[in-house]
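Following: one structure in structure tokens, then a few remarks.
The values are calculated or read from the model by the stated rules, or taken from the named source; none is laboratory data. None of these values were measured; they are calculated from a predicted model. Because the Cβ atoms are built from the backbone with ideal geometry, glycine has one as well, and the counts that use them run over all protein chains shown.
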Amino acid sequence: MTGERPLGNAGYVLTGSGGGGNGDYVFASLEELGAVIAEWEAVRDGVVADGRKIVQAQSLISSPAGDEMSTAQATAVRDSLTAAREHNERMRLYATDYIEKLTAARDQYRHDDDLNAARMRGVDVD
């Protein structure tokens, strides 16, 4: 066993946001990591779709009348949707960043796996 990594060099530890209580995920296989990436891509795609709906809703807001209360209500709805759009963008950026981290971890995992397999065969790949 290496340090606190229960799988030693057989697994890959990704440290950062989005993980468990301490921010770490441990993946035992490329397939498992690929499945997690696909889940995060689905989350990101859903956030993007929601963002489009928010923008569409913003374009539909208009005051039903020219009085002060009608105008104030339309402004309040626009402000609320602007805040929702900004939050949606932050969620999209978070998901995109995490997908990039997971993808880099997968690529490193694949490289390490190939390197170790080559060493086991007695072939130097570096």
Has the stretch 34-56 got any residue that is in contact with a Lys or Arg (Cβ under 8 Å, 6 or more places away or on another chain), modelled with pLDDT under 95 and not β-branched (Val, Ile, Thr)? yes
Within the stretch 72-90, does at least one residue satisfy the condition of being in a helix (DSSP H, G or I) and touching a residue at least 40 places away in the same chain (Cβ under 8 Å)? yes
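Residue by residue, here is whether (1) in contact with a strand residue (DSSP E or B) (Cβ under 8 Å, 6 or more places away or on another chain); (2) not basic (Lys, Arg) holds:
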| site | (1), (2) |
| --- | --- |
| Gly46 | no, yes |
| Ala57 | no, yes |
| Ser63 | no, yes |
| Met69 | no, yes |
| Thr75 | no, yes |
| Leu81 | no, yes |
| Ala84 | no, yes |
| Arg90 | no, no |
| Lys101 | yes, no |
Taking Arg90, is it under 33 Å from the mean Cα position of the chain (by Cα), basic (Lys, Arg) and modelled with pLDDT of 95 or more? yes
Which is part of a helix (DSSP H, G or I) and either over 20 Å from the mean Cα position of the chain (by Cα) or surrounded by 12 or more Cβ atoms within 10 Å (Cβ to Cβ) (or both), of Gly122, Gly66, Gly34? Gly34
Take the stretch 52-80 and flag every residue that is closer than 26 Å to Glu41 by Cβ and of a type in the set (A, V, I, L, M). Ile54, Val55, Ala57
